[in-house]
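*Asks:* The structure follows.
None of the figures in this text is laboratory data; all of them are computed from the coordinates on show. Not measured: the values here are computed from a predicted model. Here the Cβ is made from the backbone with ideal geometry for all residues, glycine too, and neighbour counts use every protein chain on show.
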Amino acid sequence: MDIAIYDFPKNHANHPEYLKYLIFGALKAKTIIPENGTLLPLMEEFYTIQGEGFNSGKAAYFIRLGGCDVGCHWCDVKESWDAELHPLTPTQTIADNADKFPGKSVVVTGGEPLLYNLDELTKQLKAKGIATFIETSGAYPLSGYWDWICLSPKKFKAPRKDIAPFANELKVIVFNKSDFLWAEEHAEMVSPNCKLYLQPEWSKSAEMTPLIIEYVMNNPKWEISLQTHKFLNIP
Ligand code: SF4
């Protein structure tokens with residue numbers, strides 16, 4: 001199933017996805033995101049420091065893909081939700097851009113990046129010697145070749161159970177007290193080697209951080225993750 005609607009590149013007449021669009025009569029669609037992941041809706045890309053979780057402090061190129069239907073009410077990138085607002089970009093271009101920077105790590109995030117087939121993007125990044133990290137809610141099937149998978153499950157659209165065993169890192173955002181139970185439920189699904197993080201939701205940080213500190217001290221399998229990039233005032 002193709003995923004969304006978009007404007008095709010100018011020379012689209014012979015594009016196989018455009019032909020499919022014509023054949024299947026998707027008349028309401030302006031463009032279809034191809035299943036093979038050769039074009040992706042790119043919201044933004046930038047070189048910065050990973051601010052949170054296990055890879056915090058490392059230089060990394062961020063690739064933010066548009067599109068998300070998880071619907072977290074506290075989401076700080078709501079402008080990512082509508083995939084149509086973000087230009088379909090050749091995967092090759094994205095990988096080439098990532099390769100221009102000295103830090104050879106990429107964080108693929110969103111939105112929800114697993115809405116799309118990420119095999120092609122990660123294959124091209126790895127061919128350039130770039131380490132591939134993903135941040136996902138786990139709500140969609142896993143695709144791509146990853147050096148690090150950060151699973152951040154959201155109550156608004158629970159993760160697929162088949163993703164949890166592949167997570168290198170479980171990062172639970174704590175918005176209220178009930179999120180500790182949510183965190184424990186998901187800690188039972190991941191592998192024994194998976195790193196476990198509790199991270200205060202930014203707007204509730206003053207209220208939740210003291211609770212997280214106490215929780216981690218009493219349950220030391222968990223660690224605290226902070227959004228250090230927001231303290232550093234970097235993207
Ligand atoms: Fe926002 Fe991420 Fe939640 Fe989607 S999954 S609504 S991008 S916080």
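*Asks:* Just add up the charged neighbours of Met43: K/R +1, D/E -1, any other residue whose Cβ is under 11 Å from the Cβ of Met43.
*Replies:* Computed value for this residue: -3.
*Asks:* If R0 is 22 Å, what FRET efficiency do you get for Met217 and Glu188 from their C-beta distance, rounded to 0.05?
*Replies:* Efficiency for this residue pair is about 0.55.
*Asks:* Here's a follow-up. Check Phe62: other-chain or 5+ apart residues with amide H under 5 Å from its amide H, H built from backbone geometry?
*Replies:* Phe46, Tyr47, Thr48, Val107
*Asks:* Quick check on the chain: what does the Kirkwood estimate of hydrodynamic radius come out to from the alpha carbon pairs, in Å?
*Replies:* 18.6
*Asks:* Quick one: order Ile224, Ile173 by neighbouring beta-carbon count within 10 Å, fewest to most.
*Replies:* Ile224, Ile173
*Asks:* Quick one: net charge of Phe54's neighbours, Cβ under 15 Å, K/R +1, D/E -1?
*Replies:* -1
*Asks:* With the crude spin-label approximation of a point 7 Å out along Cα→Cβ, what separation in nm comes out for Lys123 versus Phe156?
*Replies:* Simple spin-label model gives 3.3 nm for this pair.
*Asks:* Next question. Are there GluC sites (Glu not before Pro) in region 140-210 that DSSP puts in a loop and that have at most 12 other Cβ atoms within 10 Å, and which ones?
*Replies:* Listed in order of number, the matching sites are Glu188.
*Asks:* Do any cysteines in the chain lack another Cys Cβ under 4.7 Å, and if so which?
*Replies:* Cys68, Cys150, Cys194, each lacking another Cys Cβ under 4.7 Å.
*Asks:* Cβ under 9 Å from Val70's Cβ, Val70 left aside: what net charge do those residues give with Lys, Arg +1 and Asp, Glu -1?
*Replies:* Summing Lys/Arg as +1 and Asp/Glu as -1 gives 0.
*Asks:* Quick check: the distance between the Cα centres of region 39-77 and region 157-235, to the nearest angstrom?
*Replies:* What the calculation gives is 17 Å, centre to centre.
*Asks:* Could I ask something else about it? Students often get this wrong, so check it: of Lys100/Lys128; Lys100/Lys126; Lys58/Lys230; Lys154/Lys195; Lys128/Lys230; Lys123/Lys195, which have C-alpha atoms separated by over 19 Å?
*Replies:* Lys128/Lys230; Lys123/Lys195
*Asks:* Tell me which trypsin sites (Lys or Arg not before Pro) from region 31-123 have a DSSP coil assignment and no more than 10 other beta carbons within 10 Å of their own.
*Replies:* Answer by residue number: Lys100.
*Asks:* Kindly provide the chymotrypsin sites (Phe, Trp or Tyr not before Pro) of region 116-149 that DSSP labels as loop, not H, G, I, E or B, and whose Cβ sees at most 15 other Cβ atoms within 10 Å.
*Replies:* Passing both the DSSP loop test and the Cβ count: Tyr145.
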